[in-house]
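The structure under discussion appears below in the form of structure tokens.
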Ligand code: AMP
Ligand code: GLY
């Protein structure tokens with residue numbers, strides 16, 4: 001079987017690595033891929049959002065299945081376009097990917113189907129938004145409706161900050177059209193946990209839980225990033241909480257999408273807040289999370305191709321997910337200055353020494369191969385990942401592996417897993 005994976009980050013490297021273990025695959029391609037992915041797959045120079053080029057390539061290379069991993073091509077309808085051309089594609093169609101692409105849509109769905117989430121209002125008029133803020137307790141959360149590279153969420157501590165966030169989104173168009181409509185919602189307190197789930201639109205199977213670290217610096221200081229590290233499983237996500245989530249969140253969400261004529265097939269990401277009033281949804285994503293995927297897929301025992309096929313053919317209920325019993329941790333090595341501005345093109349040393357260690361995998365996020373040398377090529381550069389018999393040994397091993405790697409201005413958090 002020939003499989004093409006769309007995307008170029010640590011998540012895609014983790015997916016490619018998992019697929020490369022499948023005996024069912026004869027060749028792997030990745031568009032556009034990165035320096036690490038190129039060791040396992042043929043990287044094709046096509047942008048992840050170039051639907052026409054992906055369809056044309058899949059036809060000419062007779063690709064059997066395309067795995068669309070990132071949010072933008074899903075929201076643009078890449079899966080629909082591939083299917084229309086008779087090519088099997090893994091991921092939600094455009095009509096279902098809207099669960100991530102529009103926060104207003106997802107909030108309305110949760111309200112209508114009584115799925116627990118923060119209370120909220122939606123605004124398309126700045127004056128009304130500002131009037132509403134006068135009635136709200138601080139902190140309050142302001143969200144751009146559309147996709148904004150994970151940066152369209154502002155937690156405002158003061159009324160002034162909240163007004164400024166609304167102005168930036170609605171009047172100054174900081175996130176372009178994504179901020180024309182905004183959601184203002186209640187601030188929820190609690191532990192934040194990620195649960196990814198496989199679903200074929202009917203059956204929904206949660207994967208093992210994980211937690212990520214979004215802020216740039218230790219103790220959750222600094223700006224929000226794409227994610228500075230992750231670990232799995234979450235200590236806080238007990239079997240009892242999972243039962244509640246299945247009953248009140250996972251199954252109702254999948255049923256709601258089906259009822260609305262938007263069956264969701266692929267991986268659904270539940271961002272959950274474990275509050276004193278029970279688990280509530282922070283956000284949905286329509287795909288595998290990053291860096292969470294880097295700590296989850298190494299623990300999955302099943303052949304991922306079997307799961308993908310079962311989902312596409314709507315027979316996920318025939319599969320039983322199997323997991324390793326240990327834990328996994330991932331430390332993201334970032335370029336100095338990330339997430340604001342940073343240099344690229346620095347030589348990365350020591351990856352092979354880290355990978356010589358047992359149970360260590362180095363996933364590439366922003367790297368490129370230049371004349372046989374791996375150089376930095378993005379904000380998040382590597383995801384140094386280790387498995388262990390429990391969380392503390394996985395975390396300790398991942399940090400030992402980090403010690404072996406260096407590049408100019410390398411930055412990483414020292415407290416991954418401490419929550
Ligand atoms: P989102 O893009 O919706 O996941 O938001 C980014 C981050 O902002 C989340 O991972 C949370 O840490 C935080 N966040 C979003 N909404 C809320 C909320 N209602 N209460 C508390 N924190 C939130
Ligand atoms: N780790 C957060 C995300 O993938 O959106």
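Things worth noting here:
- Members of region 18-40 that are free of Cβ contacts under 8 Å to residues at least 40 places away in the same chain, surrounded by fewer than 24 Cβ atoms within 10 Å (Cβ to Cβ) and farther than 18 Å from residue 370 by Cβ: 20, 26, 27, 28, 29, 40
- The sole residue among 51, 15, 46 that is crowded, with 23+ Cβ neighbours inside 10 Å and within 20 Å of residue 79 (Cβ to Cβ) is 15.
- Strands (runs of 3 or more DSSP E) fully within region 132-189 counting 1 or more residues that are within 16 Å of ligand 2 (Cβ to nearest atom), in contact with a helix residue (DSSP H, G or I) (Cβ under 7 Å, 6 or more places away or on another chain) and at pLDDT below 95: 140-144
- Residue 261 meets all of the listed conditions (1) in a loop (DSSP other than H, G, I, E, B); (2) away from ligand 2 (no atom under 16 Å from the Cβ); (3) buried (at least 16 other Cβ atoms within 10 Å of the Cβ) but one, namely (3).
- Region 292-311 - residue that is touching a helix residue (DSSP H, G or I) at 6+ places or on another chain (Cβ under 6 Å) and more than 16 Å from ligand 2 (Cβ to nearest atom) and, of those, farthest from residue 387 (Cα to Cα): 310
- Unique match (being surrounded by fewer than 15 Cβ atoms within 10 Å (Cβ to Cβ), in contact with a helix residue (DSSP H, G or I) (Cβ under 9 Å, 6 or more places away or on another chain) and within 28 Å of residue 164 (Cα to Cα)) among 85, 125: 125
- For residue 289, the stated conditions do not hold, so it cannot be described as at pLDDT below 95, assigned to a loop (DSSP other than H, G, I, E, B) and within 16 Å of ligand 2 (Cβ to nearest atom).
- Pick from region 212-233, criterion buried (at least 17 other Cβ atoms within 10 Å of the Cβ) and more than 22 Å from residue 99 (Cβ to Cβ), ranking: farthest from ligand 1 (Cβ to nearest atom): 233
- One residue alone among 248, 192 is surrounded by fewer than 22 Cβ atoms within 10 Å (Cβ to Cβ), within 16 Å of ligand 1 (Cβ to nearest atom) and either assigned to a strand (DSSP E or B) or more than 14 Å from the chain's Cα centre (by Cα) (or both), and that residue is 192.
- Qualifying residue in region 358-367 (condition: touching a helix residue (DSSP H, G or I) at 6+ places or on another chain (Cβ under 6 Å), closer than 18 Å to residue 210 by Cβ and in a loop (DSSP other than H, G, I, E, B)): yes
The values are calculated or read from the model by the stated rules, or taken from the named source; none is laboratory data. Since we're looking at a predicted model, the values are computed, not measured. For neighbour counting, all protein chains shown are included, and Cβ atoms are generated from backbone atoms with ideal geometry for every residue, glycine included.
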